[in-house]
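Taking it in order: structure first as structure tokens, then the write-up.
Only the coordinates and a few stated rules stand behind these numbers; no lab work does. Owing to the predicted nature of the structure, the values given are computational and were not obtained by experimental measurement. We place every Cβ from the backbone using ideal geometry, glycine too, and count neighbours over all the protein chains shown.
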Amino acid sequence: MWLWIESGCLYAGSCAAIRNTTEQYYYGRANSRAMSGLYTVLGRRCASCHKNTKEANVNGIPFNWGIRRDKEALKWNRKGGVHGRLTTTNDPAALYDSMLLVNITHPENSAVLRAPLAKSAGGTEGCGKAIFKDTNDPDYQKILAGIKEANAIYAAQPAWGMKGWKPNKDYIREMKRYGVLPQTFDIEKDPFDPFIVDQAYWRSLWPENNPTPQSVSRK
């Protein structure tokens, strides 16, 4: 329990997954690029169904990253956290939440592209009709281009769970400082398992490894 608390209860199970400020900005930029095409097409092709209303999408940004917990999530009795991907019957997230509508890993499979695309062109016509006759529609291509750009940004610096992921430089620096990793360690060349490194760090704090730990004075 103590180790779990000290690790910050990370969903990934390793402190190596923590992103620093630079990476947070980096991934935020990727998400923004994924939505860039949507925002330019919204008014012309999507606003009639995805418009802002008192009942849903009350944050004022159609296709926002996450349905707001304080209003939409509570009103629709959505389960889980604000960023949860579990949807309920008639859940507004199916219309407004880019976490559900955008597939950065496989851009062409994004619901925001397949739903408005004609069945004859490989779409689902989930919008009730074919908004895009085929994939050659300029607006379809604009949305697709934005999502593909986001995919390229993530591929250049993969996030946790993606192939090629690497811990941020702060984690490596601290593990070297505590003697868990050798000073010669090079993340670009040497094998790395975050769970093994984390375990080595926690073991370094065990009493048998530190027979005379420093006392903490309280005043």
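For this structure, a couple of remarks:
- Stretch gain in nm, segment residue 129-residue 176, where the contour uses 0.36 nm per residue and the Cα spacing is subtracted: 11.1 nm
- Near residue 132, the amide H atoms lying under 5 Å from its own belong to 117, 118; only residues 5 or more places off or on other chains count, and H is placed 1.01 Å from N.
- Cα gyration tensor category, rounded, prolate or oblate, for region 129-200 with a/c compared to 1.5: prolate
- A Cα-only calculation for region 105-156 places Rg and Dmax at 11.3, 37 Å.
- If you take all other residues with their beta carbon under 11 Å from the beta carbon of residue 184, and give Lys and Arg +1 and Asp and Glu -1, the sum is 0.
- Residue 105-residue 49 FRET efficiency (beta carbon distance; Förster radius 25 Å; 0.05 resolution): 0.45
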